[in-house]
Amino acid sequence: MIPLFKRFPALAEALPYEALADLPTPVRSCAALGVEAKTESLHVKCDDVTGADYGGNKVRKLAFLLAQARKQGATSTLTFGAAGSNHALATAIYARKLGFQPISMLVPQYNAHSVRRNLLRGLAAGASLNHFERRLDVARGTIGEIFAARRAGEPRPFIIPAGGSAPLGTVGFVNAGLELHDQIVEGELPAPDTLYVASGTMGTCVGLLIGLQLAGLDMTVMAVAVTSPPYTSMEKARRLFARTVGLLRKADPNFPTLVFPEAQFCLREDYLGESYARYTKAGVTAVAQARELADIALEGTYTGKAMACLLGDGESGHLAGKKVLFWNTYNSVSQESAIKDIDYHQLSAPFHRYYEEAVQELDRVEG
Ligand SMILES: Cc1ncc(COP(=O)(O)O)c(C=O)c1O
């Protein structure tokens with residue numbers, strides 16, 4: 001049983017949950033990278049291996065969200081993201097596994113090798129991939145899908161917001177915070193002073209903040225913004241925190257009333273660079289250092305920027321004497337065999353640009 005349900009048995013009754021994720025995920029000590037970052041110790045929480053089909057942070061959220069879809073009797077899921085979205089891909093893979101038809105509503109993004117791979121993998125998973133030039137068109141397209149299902153006499157698609165950061169998805173990371181607490185108690189790592197994690201739609205960092213508070217763990221969460229407002233902002237963090245605690249209290253009145261711990265949450269907007277999915281020099285350098293010193297595979301959109309923040313803080317001496325935890329949110333389960341026989345021409349025409357145009361300059365060396 002997951003730690004959240006052990007602590008609050010009423011939640012196990014009230015909340016939908018599908019055991020999609022292999023939990024707990026391991027924790028690793030990364031001494032050489034810790035020396036580079038001038039920390040007392042550095043550990044990595046390996047959410048890259050949350051699932052045998054596809055890892056990364058989304059699996060914890062989908063365990064709740066897809067269970068809700070099933071409970072509602074949906075036969076399809078519909079979600080949103082940029083063309084190379086890991087969330088849209090994870091949803092496609094796990095929705096399909098549970099028997100849903102996944103629909104992805106995708107908008108343009110800076111080109112990268114990971115965009116090319118994720119699109120092919122989404123196709124291999126059987127997702128219906130739709131490309132929209134503007135966000136307004138996404139809204140129209142979504143309404144179109146809802147009407148198409150109605151005309152076909154099928155249930156309405158189960159809609160999952162971008163990044164899976166609905167309060168119910170965020171609960172997946174409340175559990176993750178408690179899971180970390182149990183690993184500390186079992187002596188797998190010392191209680192960290194500071195935790196670094198990438199923030200795209202905030203479900204990961206806010207869920208962790210709630211879980212850590214519940215567990216009585218006093219650490220600073222450094223949420224490293226890889227998107228701009230409204231996707232990542234203090235206002236969004238406070239709202240998602242309140243909505244998630246509200247959902248949990250409604251499901252179990254014994255769940256405590258928690259107050260957003262301002263002193264323990266630090267939103268870092270200094271490693272975003274130009275914009276979402278635009279690689280930065282600091283980010284790609286951090287990806288290379290993580291690979292060389294700790295054999296960890298990160299990437300330039302999310303985890304590279306979070307690691308750059310950690311290394312930057314280390315460089316300026318802020319992590320001296322500190323026990324640091326890096327939460328690795330990026331899938332490391334190889335998807336190559338699933339995509340090796342797929343040609344990009346099998347994707348609809350608007351996606352061909354990602355294969356016919358060059359990837360962004362900082363991604364020229366495939367990582
Ligand atoms: C690899 C990776 N890390 C971090 C994130 C950000 O997580 P969240 O949207 O919960 O802030 C994402 C979201 O897409 C991701 O794909």
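The values are calculated or read from the model by the stated rules, or taken from the named source; none is laboratory data. Keep in mind that this is a model prediction, so the values were computed, not measured. FYI the Cβ positions are ideal-geometry reconstructions off the backbone, even for glycines, and counts take in every protein chain you see.
Brief remarks follow.
- Among the criteria (1) of a type in the set (Ser, Thr, Tyr); (2) buried (at least 19 other Cβ atoms within 10 Å of the Cβ); (3) farther than 30 Å from residue 176 by Cα, the one residue 355 does not fulfil is (2).
- Exclusive hit being surrounded by fewer than 22 Cβ atoms within 10 Å (Cβ to Cβ), more than 16 Å from the ligand (Cβ to nearest atom), at pLDDT 95 or above and in the same structural domain as residue 264 (by TED's automatic domain parsing), set 154, 186, 145: 186
- Unique match (being more than 16 Å from the ligand (Cβ to nearest atom), assigned to a helix (DSSP H, G or I), out of contact with any helix residue (DSSP H, G or I) (no Cβ under 6 Å at 6 or more places or on another chain) and not assigned by TED's automatic domain parsing to the domain that holds residue 14) among 140, 117: 140
- Each residue in the range 315-332 was checked for being more than 30 Å from residue 133 (Cβ to Cβ) and in a loop (DSSP other than H, G, I, E, B), and 8 of them qualify.
- When the range 170-183 is filtered for residues that are near the ligand (Cβ under 8 Å from one of its atoms) and out of contact with any Ser or Thr (no Cβ under 8 Å at 6 or more places or on another chain), nothing remains.
- Here the strands (runs of 3 or more DSSP E) wholly within the range 38-108 that include at least 2 residues being closer than 22 Å to residue 156 by Cβ and either touching a residue at least 12 places away in the same chain (Cβ under 8 Å) or not assigned by TED's automatic domain parsing to the domain that holds residue 15 (or both) are 76-82, 101-107.
- Listed by first and then second residue, the pairs with beta-carbon distance under 6 Å, at least 6 apart or on different chains, first residue in the range 204-225 and surrounded by fewer than 24 Cβ atoms within 10 Å (Cβ to Cβ), second in a loop (DSSP other than H, G, I, E, B), are 213/258; 213/261; 219/192; 219/193.
- Candidate set from the range 263-310 (those that are under 20 Å from the mean Cα position of the chain (by Cα) and of a type in the set (Val, Ile, Thr)); member that is nearest to residue 116 (Cα to Cα): 301
- Taking the numbered list (1) within 13 Å of the ligand (Cβ to nearest atom); (2) surrounded by fewer than 24 Cβ atoms within 10 Å (Cβ to Cβ) in turn, residue 31 passes all entries but (1).
- Counted as qualifying within the range 190-300 are the helices (runs of 4 or more DSSP H) with 1 or more residues that are closer than 22 Å to residue 169 by Cβ and within 16 Å of the ligand (Cβ to nearest atom), namely 203-214, 234-251.
- If the condition is being in the same structural domain as residue 132 (by TED's automatic domain parsing), under 28 Å from residue 305 (Cα atoms) and not in a helix (DSSP H, G or I), then the range 333-359 contributes 352, 357, 358, 359.
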